[in-house]
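The values are calculated or read from the model by the stated rules, or taken from the named source; none is laboratory data. Just so it is clear, the structure is predicted and the values come from calculations on it, not from any experiment. With ideal geometry, Cβ positions are generated from the backbone for all residues, glycine too; neighbour counts draw on all protein chains shown.
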């Protein structure tokens, strides 16, 4: 059995939505000191909808694939739907990640939420802080 699914390899070899949005409405950057992965997500938001999304990721195949898949999952979605994207949903959309690589999907979820929080803060939009609590204990992913 291969370590990575075909979808992981497709998103790693041909990542979608790579780049920078210069005038992004929200930017989120997260990292994992233990593995060295860093993700940055840029959002363009219009009428409560993600109209464009780009990412920059420094990391392994799982980190790049998770970033790519996550951007595909939120593009064109209402912000309420974007907030519902979980690391498990990202991993499932990739047809799974090895247990020791699940932290990559956690970073993707956290980067999205960080970018949304940045958007809300810049625009003085009220939100529930609990929606943006970072994963401080990653026992589920071994990090």
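Counted as qualifying within region 28-136 are the helices (runs of 4 or more DSSP H) with 1 or more residues that are crowded, with 24+ Cβ neighbours inside 10 Å, namely 61-74, 87-93, 102-122.
Residues that are out of contact with any helix residue (DSSP H, G or I) (no Cβ under 6 Å at 6 or more places or on another chain) and part of a helix (DSSP H, G or I) within region 1-26 comprise 6, 7, 9, 10, 13, listed in sequence order. Here are some residues: 82, 8, 18, 30. Which one is touching a residue at least 40 places away in the same chain (Cβ under 8 Å) and closer than 19 Å to residue 127 by Cβ? Checking each option against the conditions leaves just 30.
Pairing each residue of region 89-117 that is at positive phi with any residue that is buried (at least 22 other Cβ atoms within 10 Å of the Cβ) and part of a helix (DSSP H, G or I), provided the two are 6+ apart or on different chains, yields C-beta distances under 9 Å for 95/8; 96/8. Would it be correct to say that residue 140 is at pLDDT below 95, assigned to a helix (DSSP H, G or I) and surrounded by fewer than 19 Cβ atoms within 10 Å (Cβ to Cβ)? It is false that residue 140 is at pLDDT below 95, assigned to a helix (DSSP H, G or I) and surrounded by fewer than 19 Cβ atoms within 10 Å (Cβ to Cβ).
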